[in-house]
Amino acid sequence: MLKITKLTKRYGSGDPVLKELDLTVEGDQLTSVIGSSGAGKSTLLRCINRLVEPTSGTVELNGTDFTKLSRRELRTARRRIGMVFQGFNLIDRLTVMENVQSGRLGYISTWAALTRRYPREDICHAYELMERVGIAHYANKRADELSGGERQRVGVVRALMQRPEILLADEPTASLDPKTSEQIMTLLRDLANELKLPVIINIHNVTEAKEFSDRIVGMRYGRIIFDDKPAALGKEQMDEIYAGVPAEDRAQVGAAA
Amino acid sequence: MSTAKDTWRKAPFIANPLLRYGLMIAVAVYFVVTLATLPIDWDRVADGMTRAQRIFSGAFPPSFERAGLLFDGFMESLKIAILATVGGILLSVPLAFMAASNIAVKPVYLMGRGIIIVARSFHPVIVAIIFVKAVGFGPFAGALTLVVYSIGFVAKLLAERIEEIDFGQVEAMRSAGAGFIATLAYAVMPQIMPRLVGLGIYQLDSNLRASAVVGIVGAGGIGATLANAFGRYDYDFALAITMVIVGVILISEAVSGFIRKRIA
């Protein structure tokens, strides 16, 4: 269970990007976070594994408060959270297998990592997952030789190699064409079911969000203003999530405060 | 209908006319004064012409009689260059990571930059003079000199390349819980490898050239052979050495250019 309480993130002295945000994700549901650019979706996701350092508030994953961890403890704890990126963030010049195994870097020794002597069970696990998403025959190809959809599959397998307790996906389909995008969303949904894995996806495509998720969270300027089943997301709620320009909205917040 | 202008002039680089003409006059005056006050002794220049003629007539035809000496000198230069390139690159890689602002913490970054600046600030000949005093005449002084020279160049350019990497890959490794060294090895090294290989080949070529120069101040190699030939008025042998140096550098330029093009 992921429990976020009163999470605030402020860059410099400006208006906070996240404002005392509360969110709880349980079980193996697929949660989509929607909202216009600048709403704080990406910051929210990065605050969970502290790629972005939260200003205040707590992030608790199955009993561990991530915000209280030291640098060293955080490194071990990050293994429990898998992350998939919009730009894939694969290591282009390395092979698909090395990319996949890089998801195990938090577990294996530095020496094993440098000499590429991966443990037998990791290699076995890698082939199983790669087989599952259909990229096993690319094991020895360089990552930059693959197409966009195939590259994101590598990204997903890399994250799953961590044997994570939760999967975060930061706009995983935004750089893909509509058809490939749908395939990746299907894959994420199916994997969430098969592995009993909670998944949080930041997504711009509302149609896809409604089609694939169990729950939709709508963000607007650092707050959650919608949190319900996809069916409850109607025209009115959509307008509320996406309407307005940042300046106007900030002025209103200022007036209210 | 309005009358459109049919003349246009580019605005002068310096808008203020007083400043513009003032600067021009100042430059002209400085040039004339400098020429007038520099102690150029035209008689000695005339003398020198006859000396130069003696040297050149002595140099023709070039003598390859002592080809063995020439070959030994060259092999020594080549050894110095290879040793210095390998040593320089081994030291440059960690130094480049230290001097990359996106990887290193501030104090380490400043130290790394400091070392690079010191390594860059002296011409190899000056460094060679110091090392010749420190470790004595010979190729070891030359190799040390060129190690310093290589660090100044390779570490600086490599650090700049590290600062340009796609940081998303570093983020991905961090989010998987990778340690510092593993993150560098997986997310950074593959991105900078082509540049590192290119710099290494260029530096080998450059060290070979520089080794001829530092030899003149006593740091071994073909430069030492050349300096000796001049000292003993063997101008024909000196010309032979010079010709071979030019030839070898042409070949090494061609080879390194070819390799760098292939790996780009």
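Coordinate-derived values only; no laboratory data. Bear in mind the structure is a predicted one, so any value in this text is a computation, not a measurement. Positions of Cβ are backbone-derived with ideal geometry, glycine not excepted, and every protein chain shown enters the neighbour counts.
Under the simplified labelling scheme, the B:Ala254-B:Arg120 pair shows an inter-label distance of 3.3 nm, with each label point 7 Å from Cα along Cα→Cβ.
If you average the sequence gap of Cα pairs under 8 Å that are 6 or more apart and divide by the length of segment A:1-104, what percent do you get for the contact order?
Values: 114 pairs, mean separation 26.6, N = 104.
Once normalised by length, the contact order is 26 percent.
For a straight C-alpha distance cut-off of 21 angstrom, the lysines reachable from A:Lys3 (same-chain residues fewer than eight places away being disregarded) are A:Lys19, A:Lys41, A:Lys68, A:Lys196, A:Lys229.
Distance between the pseudo-spin-label points of B:Trp42 and A:Arg163 (7 Å out from Cα toward the beta carbon): 9.2 nm. Averaged over peptide A:110-120, the number of partner chain Cβ atoms lying within 10 Å of each residue's Cβ comes to 2.
Computed over chain B, relative contact order equals 26 percent, with contacts defined as Cα pairs under 8 Å that lie 6+ residues apart. Cross-link reach is defined here as a Cα-Cα straight distance under 23 Å, omitting same-chain residues fewer than 8 places apart; for B:Lys133 the lysines meeting it are B:Lys79.
To the nearest 0.05, how large is the calculated FRET efficiency for A:Asp65 and A:Asp228 if R₀ is 25 Å and r is the Cβ-Cβ distance? That gives a FRET efficiency of 0.35. Model label points for A:Thr186 and B:Lys5, set 7 angstrom from Cα along the Cα-to-Cβ axis, are 6.7 nm apart. Please state the shape class of segment A:1-79: rounded when a/c is under 1.5, otherwise prolate if a/b exceeds b/c and oblate if not, all from the C-alpha gyration tensor. Because a/c hits 1.5 or more and a/b fails to exceed b/c, segment A:1-79 counts as oblate.
If you take every DSSP beta bridge whose two residues both sit in the protein assembly as shown, what share of them, in percent to the nearest 5, is antiparallel?
Values: 18 of 34 bridges.
The antiparallel fraction comes to roughly 55 percent.
Shielding by partners for peptide B:184-193, expressed as the average number of C-beta atoms from other protein chains within 10 Å of each residue's C-beta, is 4.
Go ahead and estimate [θ] at 222 nm for the protein assembly as shown from helices alone: -39,500 (n - 2.57) per DSSP H run with n ≥ 4, summed, over the residue count, rounded to 500. Provide the component values of the computation, followed by the final result.
Values: 22 runs with 297 residues, N = 521.
After summing the helix terms and dividing by the residues of the protein assembly as shown, the value is -18000 deg cm²/dmol.
For chain A, modelled as a GNM whose springs connect Cα atoms under 10 angstrom apart, the maximal fluctuation among A:Ser70, A:Ser42, A:Ser175 occurs at A:Ser70. Determine, from the Cβ-Cβ distance of B:Val32 and A:His137 and an R0 of 56 Å, the FRET efficiency 1/(1 + (r/R0)^6), rounded to the nearest 0.05. The formula returns an efficiency of 0.10 here.
Between A:Thr115 and A:Thr207, the C-beta separation translates, for a Förster distance of 45 Å, into a calculated FRET efficiency of about 0.45.
Of all lysines in the structure, the ones whose alpha carbon falls short of 19 Å from that of B:Lys106, not counting any fewer than 8 places away in one chain, are B:Lys156.
Taking 0.36 nm per residue of sequence separation and removing the Cα-Cα distance, the B:Val86/B:Thr242 pair yields an extension gain of 53.5 nm. Think of each Lys and Arg Cβ as +1 and each Asp and Glu Cβ as -1; about the Cα centre, that makes the dipole of the protein assembly as shown roughly 1040 debye.
The fraction of all Cα pairs in segment B:64-174 landing in successive 5 Å bins from 0 to the largest distance is 2, 12, 17, 18, 15, 12, 8, 6, 4, 3, 1, 1, 0, given as whole percents.
Under DSSP H, which helices of chain B have Cα atoms covering 20 Å or more of the helix axis and a Kyte-Doolittle average no less than -1.0? Walk me through the numbers on the way to the answer.
Details: long enough: B:17-37 (30 Å, 1.72); B:42-59 (25 Å, -0.47); B:67-98 (46 Å, 1.61); B:106-121 (22 Å, 0.75); B:189-215 (37 Å, 0.51); B:235-263 (42 Å, 1.38).
Flagged H segments are B:17-37, B:42-59, B:67-98, B:106-121, B:189-215, B:235-263.
The packing ranking, built from the mean of other Cβ atoms within 10 Å per residue, places the peptides B:95-103, A:224-232 in the order B:95-103, A:224-232, highest first.
Could you work out the mean count of beta carbons from other protein chains within 10 Å of each residue's beta carbon in A:87-94? Numbers along the way, then the final one.
Working: counts 5, 3, 10, 3, 10, 4, 5, 5.
Mean shielding count: 6.
Each Cα pair under 8 Å and six or more residues apart adds its sequence gap; the mean of these over the residue count of chain A is a relative contact order of 27 percent.
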